[in-house]
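This report concerns only the one structure given below.
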Amino acid sequence: QVQLVESGGGLVQAGGSLRLSCAASGIIFSLYNMGWYRQAPGKQRELVAAITRGGSSNYADSVKGRFTIARDNAKNTVYLQMNSLKPEDTALYYCAAAVYVISTGTFPNYWGQGTQVTVSS
């Protein structure tokens, strides 16, 4: 049974930082491409950041320079370090795993349940 369990969300003031974690089980983690998505109320789910099996990363324009995605294959975990947070970053953040490279328009194989991030102004 595949499980992706996110943690690290919470309430933070604008300008603050949070680090999200996603622990994976039931898959050979090192063989999967990983991504973080988010969905704000009334908006579509969007890709925030992705990292390939080889460690290459890409980001949405809205978070470039502020967010960093990283993976630790020994711990079966992917992280999203979020700095200089803005109120518009408020959303439910989801972890995802995919056999193929994650990009806008592709659909991952597995999803976590999400962790809420709320940024106050």
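Some values worked out for this structure:
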item: Segment Glu46-Gln1, length gained on full extension (0.36 nm per residue, minus Cα span); result: 13.6 nm
item: Rounded percent of accessible protein surface that carbon and sulfur make up, the chain, 1.4 Å probe; result: 48 percent
item: Overall form of region 4-46 per C-alpha gyration tensor (a/c, 1.5; a/b vs b/c); result: oblate
item: Cα pair distances exceeding 19 angstrom across the chain, given as percent; result: 40 percent
item: Where region 1-99 is the region considered: accessible area per residue in Å², 1.4 Å probe; result: 49 Å²
item: Relative contact order, percent, region 8-55 [alpha-carbon distance under 8 Å, six or more residues apart]; result: 27 percent
item: Arg53/Glu88 FRET efficiency (R0 25 Å; Cβ-Cβ; nearest 0.05); result: 0.20
item: Phi-based couplings in Hz for region 107-112 (Karplus 6.51, -1.76, 1.60; Gly and Pro marked x); result: 10, x, 7, 9, 10, x
item: Spatial extent of region 55-121: Rg and Dmax, with the Cα atoms as the point set, Å; result: 12.8, 38
item: Highest-fluctuation residue, Arg53, Arg19, Arg66 considered, GNM on the chain with Cα pairs under 10 Å; result: Arg66
item: Nonlocal amide H pairs with Asn109, under 5 Å, H built at 1.01 Å; result: Ala97, Ala98, Val99
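The values are calculated or read from the model by the stated rules, or taken from the named source; none is laboratory data. Computed from a predicted structure; not experimentally measured. Glycine gets a Cβ as well: all are built from the backbone with ideal geometry, and neighbour counts include every protein chain shown. These accessible areas exclude ligands, DNA and RNA; they are computed on the full protein's heavy atoms, side chains included. Shrake-Rupley method; radii C 1.70, N 1.55, O 1.52, S 1.80 Å.
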